[in-house]
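**Q** After the structure tokens below, expect a handful of questions from me.
The values are calculated or read from the model by the stated rules, or taken from the named source; none is laboratory data. Keep in mind that what you see is a predicted model, and the values were worked out from it rather than measured. Glycine gets a Cβ as well: all are built from the backbone with ideal geometry, and neighbour counts include every protein chain shown. Only protein heavy atoms, including side chains, enter the accessible area calculation; ligands, DNA and RNA are left aside. Shrake-Rupley method; radii C 1.70, N 1.55, O 1.52, S 1.80 Å.
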Amino acid sequence: MHKRRETYVAVLLLVILSQSIAYRAYAASPISAASKSTTTEVFTLDKLGSIALQSNVSVKLMDISILAQPSGNILTYTLRYSNGSGSNVSLVDYFSKVTTTGGTVVQGSPITSDATKKSVPAMSSLSVTYYVNIGKATKVNGAKVSIFGWDFNSADYQKRLGVFTVPANYSMVAAKGQSKNIMMNDLPVTTKAESLQMIKLNGKVYMRVGVSLANSGTKVLSDPGYKAYLTSAGGTVFEL
């Protein structure tokens, strides 16, 4: 029988896989490489279900994260559109808005790499990541992502089709030993922080981080320019 051995460091470090978007912000999916295990049940976004857009067409909230930026914190969220109909569905007919816990409402914009995604082909699914500047807000818990469709019979020409409310026990961070499911290049990928090592050399401190990626999709996962970062508990961001 093998004895489990765990090592902890004094600060929490986050590994953030990101992709460049407009205004120098990033689409982030953080996983913790140094947080202690906990028995508290963590809510997963799958439990929020899906919202119907039209017959045989629905959308799900797959991921939501925050990355600190000097000009205002950036909230990113990924929507997965599923089209079970026999014809293409135009995404121009739908849009989404984020409501922060403070009541601020901001319409989401697709990140640069997803801006060209205009429709969902028949009998297929498509993921789109959006971003909004949420100012000084630092938590996604309690935030709402509302899905709208254009309705020219309404006074404001829009109709809310449903809302995803992020619960209090949702965590953006996967604890040590746990994995996190994210979307990369429209492929489902399981990420996990495998190792974390602190190295002191010539008066400086270096962190060596090992992160694994498991591609659960049916196509090869290429690198579109993702970057990895370490974020200290104090909020300082270091590019790996």
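**Q** Which residues, counting only those in the range 78-88, are surrounded by fewer than 21 Cβ atoms within 10 Å (Cβ to Cβ) and assigned to a strand (DSSP E or B)?
**A** Hits for the range 78-88 are Arg80, Ser82.
**Q** Please list, ordered by first then second residue, the pairs with beta carbon atoms under 6 Å, 6 or more apart or interchain, first in the range 82-111 and within 17 Å of Ser50 (Cα to Cα) and of a type in the set (S, T, N, Q), second open to solvent by less than 20 Å² (accessible area, probe 1.4 Å) and outside any strand (DSSP E or B).
**A** From residues that are within 17 Å of Ser50 (Cα to Cα) and of a type in the set (S, T, N, Q), the pairs are Ser96/Gly108.
**Q** Condition check: assigned to a strand (DSSP E or B), among the aliphatic types (A, V, I, L, M), open to solvent by 20 Å² or more (accessible area, probe 1.4 Å) and over 19 Å from Ser55 (Cα atoms). Does Met172 satisfy that?
**A** No.
**Q** Only one of these conditions is not met by Tyr206: (1) part of a loop (DSSP other than H, G, I, E, B); (2) out of contact with any Gly (no Cβ under 6 Å at 6 or more places or on another chain). Which number is it?
**A** (1)
**Q** Right, next: For the range 97-141, enumerate the residues that are touching a helix residue (DSSP H, G or I) at 6+ places or on another chain (Cβ under 7 Å), among the charged types (D, E, K, R) and either open to solvent by less than 30 Å² (accessible area, probe 1.4 Å) or under 21 Å from Lys159 (Cα atoms) (or both).
**A** Lys118
Yes/no matrix, rows are residues, columns are (1) more than 16 Å from Met172 (Cβ to Cβ); (2) at pLDDT below 70:
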residue	(1), (2)
Arg4	yes, yes
Leu12	no, yes
Ser20	yes, yes
Ile64	no, no
Ile74	no, no
Ser87	yes, no
Lys97	yes, no
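**Q** What is the number of the single condition among (1) in contact with a strand residue (DSSP E or B) (Cβ under 8 Å, 6 or more places away or on another chain); (2) more than 26 Å from Thr78 (Cβ to Cβ); (3) among the charged types (D, E, K, R) that Lys192 does not meet?
**A** In the conditions (1) in contact with a strand residue (DSSP E or B) (Cβ under 8 Å, 6 or more places away or on another chain); (2) more than 26 Å from Thr78 (Cβ to Cβ); (3) among the charged types (D, E, K, R), Lys192 misses (2) alone.
**Q** Within the group Phe164, Phe152, which residue is in contact with a helix residue (DSSP H, G or I) (Cβ under 8 Å, 6 or more places away or on another chain) and not charged (D, E, K, R)?
**A** Sole residue among the options that is in contact with a helix residue (DSSP H, G or I) (Cβ under 8 Å, 6 or more places away or on another chain) and not charged (D, E, K, R): Phe164.
**Q** A further question on this structure: If I go through the range 175-189 residue by residue, how many of them are open to solvent by 40 Å² or more (accessible area, probe 1.4 Å) and not in a loop (DSSP other than H, G, I, E, B)?
**A** 4
**Q** Can I ask one more? Just the residues that are open to solvent by less than 60 Å² (accessible area, probe 1.4 Å) and farther than 18 Å from Pro188 by Cα, please, taken from the range 59-77.
**A** Ile66, Leu67, Ala68, Gln69, Gly72, Asn73, Ile74, Leu75
**Q** Given Leu201, Leu221, which one is free of Cβ contacts under 8 Å to residues at least 40 places away in the same chain and surrounded by 13 or more Cβ atoms within 10 Å (Cβ to Cβ)?
**A** Leu221
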